[in-house]
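Report on the following structure.
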Amino acid sequence: MDPFLALLNSLSACLSDSELRDLKFLCQDKIGKRKLESVQSFRELCNFLMEQQLISRHNVDLLKSMFKSIKREDLILRLEHFIEEEEASAPDEWPDMKERRLQKVVIEVICENVGRDWKKLMRKLDLSEVKIERIEVAKPRDLQEQLAQSLREWQKFKGKDAKVTDLIKALRDCNMNLVADIAEQKLSRLNTENM
């Protein structure tokens with residue numbers, strides 16, 4: 001049994017009818033009106049969101065923001081616990097903790113400083129056109145979220161082979177030298193502090 005589907009099923013049992021109506025309302029811009037009218041449970045709502053690739057076992061940001069809107073912090077905690085367990089259970093598929101901390105720093109710099117050219121950067125990182133397009137469609141008016149989501153996709157795609165040096169090299173290859181310099185300065189500071 002898929003643990004993510006089991007989680008969604010258990011979350012469905014925790015939601016009242018009025019909370020389901022609120023969640024459906026929050027999804028109006030993501031799911032067509034006709035489909036939304038047919039939704040009778042949270043499981044069905046999640047099916048549509050998964051079809052649109054708006055949620056997955058590695059991407060629960062939308063669910064977290066929806067639960068926050070209906071003030072269900074308990075469900076957010078369950079989602080976060082699931083993600084932590086997923087990451088802990090697959091140590092061979094992820095970079096080590098030090099590399100992940102460094103990636104987080106560089107990714108923050110990229111999200112703060114790379115604008116409309118984010119797709120060029122993601123192509124240099126070998127993210128597929130299909131994934132880039134899906135991310136763009138899923139977050140049409142939020143450039144920073146498009147970039148953040150595409151970097152998460154890159155991390156999942158590369159797994160333990162995702163390296164900070166690849167991010168810096170891709171920035172330089174795209175002539176985003178200022179962003180690469182800022183990232184390297186932050187990494188240098190971080191390494192100095194940890195010595």
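Coordinate-derived values only; no laboratory data. No experiment lies behind these values; they were computed from the predicted model shown. In this analysis, Cβ positions are derived from the backbone assuming ideal geometry, glycine residues included, and neighbour counts consider all displayed protein chains.
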message: Can you tell me the length gained on complete extension of the stretch Ala13 to Lys30, counting 0.36 nm per residue apart and subtracting the Cα distance?
response: 3.8 nm
message: Within 12 Å, Cβ to Cβ, of Leu127, how many net charges do the neighbouring residues add up to if Lys/Arg are +1 and Asp/Glu are -1?
response: +3
Ser188 versus Lys98: modelled label distance in nm, points set 7 Å from Cα along the beta carbon direction: 2.0 nm
statement: With 0.36 nm assigned to each residue of separation and the Cα-Cα distance removed, Ser128 to Met50 gains 26.2 nm
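Go through Lys33/Lys64; Lys131/Lys160; Lys30/Lys163 and tell me which ones have a Cα-Cα distance over 30 Å in this structure. Intermediate results must be reported in sequence, preceding the final value.
Working: Lys33/Lys64 22 Å; Lys131/Lys160 20 Å; Lys30/Lys163 33 Å.
Over 30 Å Cα-Cα: Lys30/Lys163.
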Per DSSP, loop trypsin sites (Lys or Arg not before Pro) in the range 108-157 with at most 13 further Cβ within 10 Å: Arg116, Arg141
